[in-house]
Structures are given as C-alpha cells and as structure tokens.
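For reference, the structure is listed below as structure tokens.
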Amino acid sequence: MSKTQIEDINRNIYDIKNKDEYDYKIQKGLTKEIIEELSKQKQDPDWMRELRLKALDVYNKLELPTWGPDLSELNMDEIATYVRPKTKMSNNWDDVPDDIKETFDKLGIPEAEKTSLAGVGAQYDSEVVYHSMKEELIKQGVIYTDMETAVHEYPELVKEHFMKCVPVHDHKFVALHGAVWSGGSFVYVPKGVKVDIPLQSYFRLNSPESGQFEHTLIIVDEGASLHFIEGCSAPKYNKVNLHAGCVELYVKENSYLRYSTIENWSKNMLNLNTKKAIVGKNAQVDWVSGSFGSKISMLYPMSILNGEGSKTEFTGISFAGKGQNLDNGFKVVHNAKNTSSVVNAKSISKDGGTCTYRSLVRISENAKNSKSVVSCESLMLDDISKSDTIPVNDIRTDEVEFSHEAKIGKISDKTIFYLMSRGMSEEDAKAMIVRGFAYPISKELPVEYAVEMNNLINLELEGAIG
Amino acid sequence: MLEIKDLYVNAGEKEILKGINLKINKGEIHVIMGPNGSGKTTTANAILNNPEYQKKQGSIIFEGKDITELKTDEIARKGVFMSFQLPEEIPGVTVANFLKYAKNKITGKPVKVFQFKDELKKYANELKIKEETLERSLNVGFSGGEKKKNEILQMLVLNPKLAILDETDSGLDVDAIKTVSKGIEMFKNDENGVLIITHNTKILHSLKVDYVHILVDGKIVKTGTQELASEIEENGYEKYRKG
C-alpha cells in the first residue's frame, strides 16, 4: 500500500479564513504617533494613554531575550497592532455580523454557552465582539465584561490592578503589550461568591500580518471561587502573526481560581504571552494548559505565593510538530510559610518539532515548611524531534520538601507491535499511546475541551493518508 | 486454517527458524514445546509478521490466503490473535477502553456499548479479574499473573479464529494456570484453533490438546499427541538435541 506524506495537516475549522474586513486597521509599525492614534481610537482615559506611552519607552529600551527560541524574524514594522472589526460589542449573538458569527459557530462557542458555561466573551482581532453572562451571576455582583468597558465603568478597580501584577518593565513583550493592548476580559468575583459553572473567553485572530494583545484581568475576592477558560485560534497565513497577551490574576485570601487554556494558534504565530497570579493567604490558583499551535511559543505562567498556606498546581501539555518550537513551562515563587506547588508538565514532539520545558522554582527564606513537587515527562515520536528540560531551582531555606523528576521517552517498536496485533494500524496505535500519555492533562479539562484536545491529537497524528 | 510452509526466519543476522512446517485445522489445539532459544517465540512473532524478525524463505497461509507479508494489523483483522509473553504497558488507556477500541478495529463495526460492557464483565468474572481492574491503565502496575489473565480476557473479547498463546502459562501459580486453562476452554469451539507455545508442561495437566510438536534449534523434530508431552516431562529435551 503506498503512502502519501502530506506536509501540513488539514486543521479544518481552525483554518477557515474570513475576508480581511475591518472597520479600522492601524498602520503597521510602532511609533509614538501610532500609539497616540491607537489611544485616541480607543478613547483611553489619560492615565491609560500615559501608561501606553511609558510602556513604549520601556519597549524601545529593552533587548530581545538572549535565551530561548530565535525571534529575529519578528519585525514590528510589519505588524499592525490594532485591527477593529466591523462591529460593536454586543451581548446578543444576533447582532454579531454573519461572517464573524459563523466562525464562532463553527468553533462551537454559542453552543457551549447554552450547554455548559456561565458566561462567554468572544474577541475577533483586536476587539471583543460579544460578551454575556447569566443573570443570576449579575445579581450576585459578578462582573464579566470586555477590558475597554471595564476601564471606563470600573476605573478604580482597574487602575488599582492593571499591570501591577505584571509590570510593563517585566520583559520586552510585556512592554509591547502595555503600549498596544486591546480587548480581553475583566472579571471580578465578589467576596464569598462561588461561580460553579465556568466563564469562557475565546480569542480569534483573523487579520493577516497583525497582532493580538488582549488583556485579561481577574480578581477573585476573599472566599470566592471561579473557573475561567480561554481558547485561542487563528487561520494560517504565510507571514508571521504575533500574540502578546497578558493575564493578571489576583487570588485573594481563602479564594480559588482555576485558569484553563486551550491554545491552537496557527503555525505562523509567535505566541509570546505573559501570565501571572498573585495568591493570598490559604488561597489556591490552578493552571491547566494545552499548547498545540504556534510557530514559536514562549509561555511560562507564574504563581506568586504571597500568602501563608497558599497553593498552586500547574498541569500542562505541549505538542510540537514540524517547524514548531514550543518553549513552555512554569514559574513559582514561594514567598510565605506552608505554601505548596505541584507541577505536572508533559510534552510531545514529532516530525522535527522542538519542545522545551523551562521552569523556575524559587523558595525564599521566609517560606519555611513549604513543599514543591515537579514532574515533567516528554514523549518523542521519532528520531528527528527534540525535547529538553531546563529547570532552575533556587531554594533558600532548608526547611522545605522539594522534588524534581524528569523523564524523556520514545514510543517503542514493541508497543506498536503489541497494539497492531490487536488490529490497530500504526497511526491508530501511535494516536492511542499519545492520547493515553496526555490523559492526565485532558482529564483536568472540562469534558468538551478534553474531546477537543483528543481531536487535536488525532489531527496532529494524521501525518500519512492511505 | 493455518499452514506454515518451509519457513526460515532471522532475528538480525542470526538464523532462528530453519524450515518450519506446521498445519493447524479448525477445532484443534496444538502445542509447540521446546527448550529456551529453540525458536518458539520467533514462530509466534513470525506468524503475526513482527518487523523485528525477517522472513528469508517459506510462506504462511491462513484460511487459503497468503499472509506472509501482510502487516500485523491486517493479520489481526483476518482473525489471528497472539497472547504476549511480556504484554506492553499503555498508561492513560483503560483496559475497557482499549478493548472497546480494539474490538471496533477488528470487527470494523461500531461496538454496542452496553452489550460490550456486559460481555467484558462476564469474562472478567470467569477469569477472576476484579471489575476495577477494567478501569485501570492497561497492564500498568499489573502483576505477572494479572497481565497473563488480561491477555486471555482480550482473547475472549476479541474472539479470533486462531489464538496463539506465547508462554501464557509461564511464571503462574497452579490456581492461575487453572484460570488460564478455563479461559482457553471457554474460547475453544469447532470453528477456531489454538496454538500454545510453552517450555513446560504444567498447563497440559488441566487442558486436553490434540497435537504436541517438539521444536529444537529452529526445527520441529517430532510431532505427537498429549503423551509426547508426558514423555518430555519425564525425560526432558536431551534426546532431541543434536549430539
């Protein structure tokens, strides 16, 4: 039987390109004038305009990172940082233009809202086009809206927290984000309110040679709880697109936040995203992350355990195929007594793809009686793919429990033979092994996302057609 | 049902099988016995065309079709099953899900979920496999005995035309061997066949077989009935080794 190798898989729904229609697209590049114009278009208050200009200044002063994947192909003069879709924000799907609505329909967003979500936000290019939440949560004082609305309607709350958890000088792409951010979600859960059903924001970048810079700011007040899901995708273009979002999470005393991400950017995307959580006394933040798309990804969610007895868990999987370099990981700072962190990271690489797990565990002197358990496992599906683990462990007190375990493996011919003897083709066998490997992660996702993740794995493994 | 004609097989440079001839008709249980290194496991792997072994000469005919060069999964779908000496571990895939998927691939039909579950539980009970084991990752953390019983469970669920059992009895205690024998008896009917590969005779105490073949140094040196196994039990293989 002859096999035809195909270069790139059919990502079907993810690859549907809409016509590049927009209401306003800013000129490419990054200058003070462009930022001023962007700020004017967005009707920023003064403090926000100043923050943008200061961030631009920092951006111009900072160098590209000297470690990790090569970012030299990124030329900011070629990227339009702001593309406003031809619509206004709405809380009614019927008001969303047909082509945009159709895209979100195919991605299953309105359907998910009906069946399993408490609220939905949908961003198309630079602006949020839809936002809605269940009535009962509104009555309980929960705020879930797009970031622009929040800037105008909740100025104190936003000003107190915006880019305080992730300051603009953190690194070059955070500074860039500060200068050109647009869209994203704002969530506030009042004291003691438990939001049992997840909220979800979906980010879709349709416009070529552009960037998406959404800002997500979540405040979970004392004793409250929330599950937030973000999904991202884009159709593939020949030139690079840039995603430099920023996520700031404030998890106050005795509260709980779970932040889940399924990222399936197209393979021309540079995903240089920054996510950070500040965790209060006896509070907990859990990160669940599935990273499938992007040409280059540099993403290291960070938990800062500032409160005594605070906890964090990171559960993540990266899947790198041909031409992909996914440099992902996790950072945690233990800053108080009795804190704990658990990391379970997995990666899969195939067809020459590269996966790197890069991490930082810092346990400061005052974090006595803390605990950190790190486990990372990689699976390589062939001999040309790469996998690496680069952990930095900075432990400044003796009174801790710390363990780090790393495993790198390949699928053995014996295992393939075993599965083939049960009637499975070689591709079926590999897909089953990979799904099993990913299962500890997928079981942490809401069921429809676990299904989507398995579909993505199957798509990725359809490397040969009969 | 199965006919092996003048089969020569290498593992790398090493010649293992040197002209095997074997014919199994439906309704028969055959046993291949032989000392370590005589080529028993190679025979089983060659029938399922494990790419680790290279066929140099000869052919394998199954139900009138030449399967010598077919891929392993194609042979499995034609109805040949092999119970492994060392079954592989598949983390994250439960026994139940694995078997449901395999059943679907083998039959080419959608599996009826409730009917399948009932059948699976019934066989598990017969083989003294705990129901919670069906929800554990396949073979991960299983004892040697659990793995072997699980292979028999797979045989019963997948219901092949020919089951090859490679050292399924080795390393098992008396009770486990009885359970395995019971599984084989449940499976066996006039329309299918069994090929048991073993280096000892224990399983033959609780199972009636039709033919016993003695394999020494890559060749079948003698074929007989159940009595031949008793003779081997008493005298060993010494008589059949080359001087």
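Odds and ends about this structure:
- Of all residues assigned to the range B:207-220, at least one qualifies as being in contact with a strand residue (DSSP E or B) (Cβ under 9 Å, 6 or more places away or on another chain), modelled with pLDDT under 90 and within 12 Å of B:His30 (Cα to Cα).
- Qualifying residue in the range B:15-32 (condition: in contact with a His (Cβ under 6 Å, 6 or more places away or on another chain), more than 14 Å from chain A (Cβ to nearest Cβ) and surrounded by 14 or more Cβ atoms within 10 Å (Cβ to Cβ)): yes
- One residue stands out in the range A:420-466 among those that are facing chain B (nearest Cβ under 8 Å) and in contact with a Gly (Cβ under 8 Å, 6 or more places away or on another chain): the one that is modelled with the lowest pLDDT, namely A:Pro440.
- Residues of the range A:242-271 satisfying the condition of being under 16 Å from A:Ala80 (Cα atoms) and either buried (at least 22 other Cβ atoms within 10 Å of the Cβ) or of a type in the set (A, V, I, L, M, F, W, C) (or both): A:Leu242, A:His243, A:Ala244, A:Gly245, A:Met269, A:Leu270, A:Asn271
- Residue within the range B:187-201 that is part of a helix (DSSP H, G or I), more than 12 Å from the chain's Cα centre (by Cα) and farther than 16 Å from B:Lys26 by Cα present: no
- Restricting attention to the range A:373-419, the residues being within 14 Å of chain B (Cβ to nearest Cβ) and outside any strand (DSSP E or B) number 9.
- Within the range B:101-110, being more than 8 Å from chain A (Cβ to nearest Cβ) and either of a type in the set (Phe, Trp, Tyr) or buried (at least 18 other Cβ atoms within 10 Å of the Cβ) (or both) holds for one residue alone: B:Lys103.
- Test: residue in the range A:359-367 that is within 14 Å of chain B (Cβ to nearest Cβ) and either surrounded by 22 or more Cβ atoms within 10 Å (Cβ to Cβ) or of a type outside the set (Val, Ile, Thr) (or both): no
- Residues considered: A:Lys331, A:Lys276, A:Lys281. Of these, the only one that is at pLDDT 95 or above, assigned by TED's automatic domain parsing to the domain that holds A:Leu257 and either touching a strand residue (DSSP E or B) at 6+ places or on another chain (Cβ under 9 Å) or of a type in the set (Ser, Thr, Tyr) (or both) is A:Lys276.
- Hits in the range A:334-369 - residues which are free of Cβ contacts under 8 Å to residues at least 60 places away in the same chain, small (Gly, Ala, Ser) and more than 17 Å from A:Glu405 (Cβ to Cβ): A:Ala336, A:Ser349, A:Gly352, A:Gly353, A:Ser364
- Test: residue in the range A:412-429 that is among the basic types (Lys, Arg), in contact (Cβ under 8 Å) with a residue 24 or more places away in the chain and either surrounded by fewer than 18 Cβ atoms within 10 Å (Cβ to Cβ) or not assigned by TED's automatic domain parsing to the domain that holds A:Asn458 (or both): no
- Within the range B:43-71, residues that are under 20 Å from A:Phe417 (Cβ atoms) have Cβ atoms under 6 Å from residues that are surrounded by 14 or more Cβ atoms within 10 Å (Cβ to Cβ) and among the small types (Gly, Ala, Ser) in these pairs: B:Leu48/A:Ser421; B:Tyr53/B:Ala11; B:Tyr53/B:Ala46; B:Thr68/B:Ser59, counting only partners at least 6 apart in sequence or on another chain.
- Per the listing B:Leu158, B:Leu120, B:Leu70, the residue uniquely among the hydrophobic types (A, V, I, L, M, F, W, C), crowded, with 16+ Cβ neighbours inside 10 Å and away from chain A (no Cβ under 14 Å) is B:Leu120.
- Among (1) within 14 Å of chain A (Cβ to nearest Cβ); (2) within 23 Å of B:Lys40 (Cβ to Cβ); (3) touching a Lys or Arg at 6+ places or on another chain (Cβ under 8 Å), the one test that B:Val180 misses: (1)
- Residue match in the range A:83-96 (condition: in a helix (DSSP H, G or I) and either among the small types (Gly, Ala, Ser) or crowded, with 21+ Cβ neighbours inside 10 Å (or both)): no
- When A:Gly309 is tested against (1) in contact (Cβ under 8 Å) with a residue 60 or more places away in the chain; (2) over 18 Å from A:Ser403 (Cα atoms), exactly one condition is not met: (1).
- Checklist (1) within 17 Å of B:Ile24 (Cα to Cα); (2) at pLDDT below 90; (3) in a helix (DSSP H, G or I) applied to B:Ile184, failing item: (2)
The values are calculated or read from the model by the stated rules, or taken from the named source; none is laboratory data. Not measured: the values here are computed from a predicted model. No Cβ is skipped: glycine too gets one built from the backbone with ideal geometry, and neighbour counts run over all protein chains shown.
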